[in-house]
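Before anything else, here's the structure in question.
The values are calculated or read from the model by the stated rules, or taken from the named source; none is laboratory data. These numbers come from a predicted model, not from an experiment. Cβ coordinates were reconstructed from backbone atoms using ideal geometry, including for glycine residues, and neighbour counts include every protein chain displayed. These accessible areas exclude ligands, DNA and RNA; they are computed on the full protein's heavy atoms, side chains included. Shrake-Rupley method; radii C 1.70, N 1.55, O 1.52, S 1.80 Å.
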Amino acid sequence: MHPVTLYHYVALSAILLVIGVFGVLTRRNLVVILMSIEIILNAVNINLVTFSRHYQHVTGQVFAIFIIAVAVAEAAVGLGILIALFRNQETVQADEVNLLKW
Amino acid sequence: MDVILFLVFSAIAVACALNLVVQRHPISSAISLVGVMASLAILYLLLGGEFIAMAQMIVYAGAIMVLFVFTIMLLNAGAEKRGVKRPWAVYLGIPLLTGLLGIISFLVQGQVQGSPPVILGGFTGGAAGDVGRALFTRYVLPFEVVSVLVLIAILGAMVLARKEIE
């Protein structure tokens, strides 16, 4: 059987990145857009852990931990903004929020 | 063994990610996100990142998912309405994304050609002790900066989500 190499992991990361970008661009529900951003961040994490494996060095995994921490902060603030938005506008659909439109 | 594990769990990850994007109801998307996170944790284990696999399970599949599900229930978000379809968006968007994927794969293939196969247990430097040693010696400054960032994010989320009191 053909062995799994670095390339397969990086390709998986690219596929997840493209799916995440697709979700961010096509979905209207802001919660789902935030989830798609989480998928993109996870694609980056696969890359970092894969190259940590490739160079036999732990630095990539340390960076991946930082990315997880930043993703948690992003999710907390993003969902807080969503709740504030829902209080004021009664909607979480991206195309119904036109507060800054003129 | 490695090949089968990689194929199965990467297929689950991609299928769940696609399901997340396609589903109309946010709760279905949230459940799909759990599938993505869990299968990625298995892939991290295959790559020798034991600590990061556990962190992925606890932080992503645990904490962030609870946050998302709570927000979905709090907002009482129903199924998403289908908007007006713009024909050029449908016929141009997916080919362009596929093209982006092709370009990335082509560039990466040129760079990592002939790399050795990834086998389970080929790298044992990802245990909690090794990660912790790197985190608290060489990368202690970024670690502290991230802890301040998380503190600010907690305060920001509280300020944003609280009820205004007159």
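Please list, ordered by chain and number, the residues whose modelled amide H lies under 5 Å from the amide H of residue A:29; skip anything fewer than 5 residues away on the same chain.
Sorted by chain and number, the residues that satisfy this are A:94.
Using +1 at the C-beta of Lys and Arg and -1 at the C-beta of Asp and Glu, which of B:136, B:154, B:165 has the Cα lying farthest in the positive direction of the dipole of the stretch B:127-166?
Ranked along the dipole, the leading option is B:136.
Quick one: divide the alpha-carbon radius of gyration of the stretch B:74-162 by 2.2 N^0.38 Å and tell me what you get.
The reported ratio for this selection is 1.89.
Sticking with this structure for a sec: Averaging over all projection directions, find the projected area of the Cα convex hull of the stretch A:18-102 and quote it in nm² with one decimal place. Before the final figure, lay out each step's value.
Details: hull surface 25.5 nm².
Approximately 6.4 nm², given one-decimal rounding.
Helices from chain B with mean Kyte-Doolittle at least -0.5 and a Cα length along the axis of 27 Å or more, per DSSP H: which?
Helices meeting the span and hydropathy rule in chain B are B:2-22, B:26-46, B:87-111, B:140-161.
Continuing with the same structure: Need one value for A:38-45: mean number of C-beta atoms belonging to other chains within 10 Å of its residues' C-beta atoms.
Averaged over the peptide's residues, the number is 5.
Could you list which residues have their amide H under 5 Å from that of residue A:5, counting only those 5 or more apart in sequence or on another chain, with H placed in the peptide plane?
B:118
If you consider only alpha-carbon coordinates, what radius of gyration and Dmax does the stretch B:1-42 have, in Å?
Rg then Dmax for the stretch B:1-42, in Å: 10.9, 36.
Let me ask something else about it. Lys/Arg Cβ at +1, Asp/Glu Cβ at -1, dipole of the protein assembly as shown taken about the Cα centre: which of B:34, A:48, A:23 is farthest positive-ward?
The listed residue farthest towards the positive side: A:23.
Given Cβ point charges of +1 (Lys, Arg) and -1 (Asp, Glu) and nothing else, what value in debye, to the nearest 20, does the dipole of chain A about its Cα centre take? Display every interim value, and only then the final one.
On the way: 5 positive and 5 negative charges, 24 e Å.
My answer is approximately 120 debye.
Right, something else. Given axes a ≥ b ≥ c from the Cα gyration tensor, I'd like to know whether the protein assembly as shown is rounded (a/c under 1.5), prolate (a/b larger than b/c) or oblate.
oblate
Ignoring ligands and nucleic acids, what accessible area does residue B:92 show with a 1.4 Å probe (Å², nearest 10)?
Its heavy atoms expose roughly 90 Å² to the probe.
I would also like to ask the following. Quickly rank A:29-38, B:156-165 as a protection proxy: mean count of other C-beta atoms within 10 Å, highest first.
A:29-38, B:156-165
Another question, then. For chain B, state the average projected area of the convex hull of the C-alpha atoms over all orientations, rounded to one decimal in nm².
Answer in nm², one decimal: 14.8.
With no solvent and one equal point scatterer per Cα, compute the Debye intensity ratio I(q)/I(0) for the stretch B:1-79 at 0.25 Å⁻¹ and report its log10, rounded to two decimals.
Reported log10 I(q)/I(0), two decimals: -1.11.
Kirkwood hydrodynamic radius of the stretch B:127-166 from all distinct Cα pairs, in Å?
Numbers: mean 1/r = 0.0820 Å⁻¹.
12.2 Å is the Kirkwood radius here.
Dipole of chain B, Cα-centred, from +1 at each Lys and Arg C-beta and -1 at each Asp and Glu C-beta, to the nearest 20 debye?
In debye, rounded to 20, chain B gives about 560.
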